1. Select from the range 59-95 the residues that are surrounded by fewer than 23 Cβ atoms within 10 Å (Cβ to Cβ), closer than 16 Å to G166 by Cβ and in contact with a Pro (Cβ under 8 Å, 6 or more places away or on another chain) and list them in ascending order.
2. Which residues, taken from the range 58-92, are over 18 Å from the mean Cα position of the chain (by Cα) and not in a loop (DSSP other than H, G, I, E, B)?
3. Touching an Asp or Glu at 6+ places or on another chain (Cβ under 9 Å) and over 15 Å from G150 (Cα atoms): does that describe T84?
4. Which ones in the range 156-203 are within 24 Å of V8 (Cα to Cα), touching a helix residue (DSSP H, G or I) at 6+ places or on another chain (Cβ under 7 Å) and either assigned to a helix (DSSP H, G or I) or among the β-branched types (V, I, T) (or both)?
5. In the range 1-37, what count of residues is obtained for those that are farther than 19 Å from A147 by Cα, among the aliphatic types (A, V, I, L, M) and touching a helix residue (DSSP H, G or I) at 6+ places or on another chain (Cβ under 7 Å)?
6. Looking at the range 40-57, which of its residues are in contact with a strand residue (DSSP E or B) (Cβ under 9 Å, 6 or more places away or on another chain) and either farther than 17 Å from T116 by Cα or not hydrophobic (A, V, I, L, M, F, W, C) (or both)?
7. Name, by its number, the condition in (1) surrounded by 23 or more Cβ atoms within 10 Å (Cβ to Cβ); (2) modelled with pLDDT under 95; (3) of a type outside the set (K, R) that does not hold for G98.
8. Which condition from (1) among the acidic types (D, E); (2) assigned to a loop (DSSP other than H, G, I, E, B); (3) crowded, with 16+ Cβ neighbours inside 10 Å is the one that E50 breaks?
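The values are calculated or read from the model by the stated rules, or taken from the named source; none is laboratory data. Computed from a predicted model, the values in this text were never measured in an experiment. Neighbour counts run over all protein chains shown; Cβ positions are idealised from the backbone, glycine included.
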Amino acid sequence: MRYRIVPVTRFRQNCSLLWCPDSLQAAVVDPGGDLDLIQAAIAEEGVAVEKILITHGHADHAGGAAELSQRLGVPIEGPHLDDTFLIEAMAKQAARTGLSEARGFTPSRWLDEGETVRIGQLNLAVLHCPGHTPGHIVFHHAASKMAVVGDVLFRGSIGRCDGPRGDHMQLVNAIRGKLWPLGSDTEFIPGHGDMSTFAWERASNAYVCDFVEY
């Protein structure tokens, strides 16, 4: 799997362009805004986008999905159904965050634990990892040892849990119980900031490292 990160919105959210190197079919993950930048990256890489993938319903991740779907004529897949209330409240989120162009949507497909999404000849596993939001999901491509984790995990930190229906222990349990078993050599794209590996986080992340007890 190939990838390119396109930071978008004033929150510098990591929108990701993922593609199959054989077919050049691609997906855009979390197009929160700045759609012209995203479309420029698509053109530069010479790929054909076949779908939009959403990790969770916060406006900086999902606010541009509706318009990009219309522009490209492609479906939206994800997040988990439990984030419906956030997507339905996208206008309120936009007003609160200043992302004035954010719009709600109904995905073509809600995603759940154990399902897969296909990009060209690639299959990405879906993991339901609640805590930051109740319907947050993670995408994992085992052959590339790569995960796109949204706001579940960051380099040296974890997602906030003080939003509606957030739950700190749910998030910690999802990271330790679902992400760590994917392998310490797994590299991940977080929703904000620099990439990292699960090995580095298990050794150094004060919130979820192997030396922290709950």
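1. D82, F85
2. Q70, R71, L72, E88, A91, K92
3. Criteria not met by T84.
4. I158
5. The qualifying residues number 2.
6. A40, A41, I42, E44, E45, V47, A48, V49, E50, K51, T55, H56
7. (1)
8. So E50 meets the others, but not (2).
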